[in-house]
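This is the structure I want to talk about, given as structure tokens.
Just so it is clear, none of the values below were taken in a lab; they were calculated from the coordinates. Nothing here was measured: the structure is a model prediction, and the numbers come from that model. Note that each Cβ is placed from the backbone with ideal geometry, even for glycine, and that neighbours are counted across all protein chains shown.
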Amino acid sequence: MSVFLFKRLITLIATLVGASVVIFLVLEILPGNAAQILLGPDASAEAVQALAIKLGIDRPAIERYWDWVHGMLVGDLGLSYAYSTSVAELVLERLALTVPLALMAMSITSVLALAAGIYAASRHDKLGDVGVMGLSQIGIAIPNFWFAILLILLFSVHLKWFSAGGFPGWDEGILQGIKALLLPAVSLAVVQSAILARITRSAVLEVLREDFVRTARAKGVSRSGTLWGHVLRNAMIPVITIMGLQFAELLAGTIVVESVFYLPGLGRLIFQSISNRDLIVVRNCVMLLAAMVVIVNFVFDVLYAVIDPRFQARDI
């Protein structure tokens, strides 16, 4: 296990370094000048140059890259060009919405997908199985932003149960915050739960065909007892892997949904910063999302190793 963790940790570090280089280079080649955008099209060349020197964007790229990486390591993300405030403060303020939204969406995804997948597998080739697979196919085909609009029309415009957008803030109470994030979380969870339900069903059906399942049934263990006591743990191995990928995707997927529901999360901050050519904010936000994706995958890799009994039987 220690060798496995060491290898995964080295991979994590190498991936983060590679991601930082790619993110920096991609933003470097984008057209436009932050100083020109901040001062406006009528600003003189002298004023633009003076502001560029003040912002530090006139320095060589390799120097700015090293300063950026060093700042991330010591917790100094710099100052936003447009907001004139600490990037770390901006990001932490927006993460207070984006992370709970992703966690809510993942919780809904897990509950719906596992319940539907296990139900379908236990009724293989019966009406329940066909119905779950049909609904999951529809869920996969629906874009989450379009489903978000449908939820707004139904629950906000017609039923008036929820607000059409905005976020009251956690200061107004946890229940109010959860209520404001419920529709966005559901819209994010629909597609992911449909995918995960199909994978769960396939994993459970594959394990049900194993010899140890037939042995348990031959010893008199009930079908439900075999399913919950023997099948589920082995079937969860591939499911856990997909859940890790999905949670990482949900973190990035909140960007579009936040725009639909007008939520002041990390996604809207990125969009606004792109419009303002505030590259220091964009760079740090994208790097943060990349780091969260990599770290989540690392955690689920470790969880995979803990769950999989084969890891206990061989030297990794």
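Along Cα→Cβ, 7 Å out, is where each label goes; now give me the distance between the ones at L154 and S2 in nm to one decimal.
A separation of 5.4 nm, rounded to one decimal place.
With the Cα gyration tensor of the stretch 65-189 giving a ≥ b ≥ c as the square roots of its eigenvalues, does the rule (a/c under 1.5 for rounded; else a/b larger than b/c for prolate; else oblate) give rounded, prolate or oblate? Write out the running numbers ahead of the final one.
On the way: a/c = 2.87, a/b = 1.80, b/c = 1.59.
Verdict is prolate for the stretch 65-189.
Could you work out how far apart the two model spin labels at V256 and T215 are, taking each label as a point 7 Å from the Cα in the direction of the beta carbon, and quote it in nm?
Once both label points are built, they end up 4.7 nm from each other.
Give the aspartates and glutamates reachable from K179 as a straight Cα distance under 20 Å; neighbours fewer than 8 places away on the same chain don't count.
Straight-distance partners of K179: E93, D171, E258.
What is the list of residues in the stretch 67-111 whose amide nitrogen lies under 19 Å from a point 7 angstrom out from the Cα of Q176, following Cα to Cβ?
Of the residues in the stretch 67-111, 94, 96-98, 100-101 have backbone N under 19 Å from the label point off Q176.
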